[in-house]
Amino acid sequence: MTSDDKPRRVEVKDGDQPVAAAVVEEHAEGTVRTSLLPSSGPTPPGSRASLVDAVNGHPEVQASSRLEATVPLGDAESLERLRERTDDAVTRPAGSTALVDADLPDGGDAKTGQEPGGEAPCP
């Protein structure tokens with residue numbers, strides 16, 4: 001992503017309705033920042049984990065070696081998936097959010113988020 005590019009929005013939908021969203025932007029060489037946006041109302045189980053998977057599949061994220069994420073405090077599903085999909089994750093509270101700093105695995109070694117037995121978690 002170049003400095004002329006704007007942050008990218010990533011959404012997970014249930015039918016036609018967005019149920020989870022994030023903003024992805026390049027921060028510095030090799031580092032990408034994402035903000036997982038709080039949803040209004042309940043979300044289907046697995047939608048926040050699916051959002052983390054969608055963010056990790058984003059080209060700017062795949063081309064980076066570091067991830068800095070802002071997650072709504074209490075969003076255990078997103079935090080757990082971030083820990084599964086990254087290396088050496090460090091989490092700390094910051095107001096009403098949690099900040100996650102982590103290394104991204106190499107593209108060839110990317111974790112799939114699949115559960116034992118080879119099946120992907122249900123969205």
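The values are calculated or read from the model by the stated rules, or taken from the named source; none is laboratory data. Here the structure is a predicted model, which means the values were calculated and not measured. Note that we place each Cβ from the backbone using ideal geometry, even for glycine, and neighbour counts take in every protein chain shown.
Quick notes on this one:
- Qualifying residue in the stretch 64-79 (condition: surrounded by 12 or more Cβ atoms within 10 Å (Cβ to Cβ), in a helix (DSSP H, G or I) and not small (G, A, S)): yes
- Selection from the stretch 1-38 of residues that are among the aliphatic types (A, V, I, L, M) and either surrounded by fewer than 13 Cβ atoms within 10 Å (Cβ to Cβ) or assigned to a strand (DSSP E or B) (or both): V10, V12, V19, A20, A21, A22, V23, V24, A28, V32, L36, L37
- When the test is whether a residue is of a type outside the set (V, I, T) and modelled with pLDDT under 95, E68 does not pass it.
- For the stretch 50-57, the criterion of being buried (at least 17 other Cβ atoms within 10 Å of the Cβ), part of a helix (DSSP H, G or I) and acidic (D, E) is met by at least one residue.
- Set side by side, the residues G46, G41 differ, and just one is in contact (Cβ under 8 Å) with a residue 60 or more places away in the chain and surrounded by fewer than 21 Cβ atoms within 10 Å (Cβ to Cβ), which is G46.
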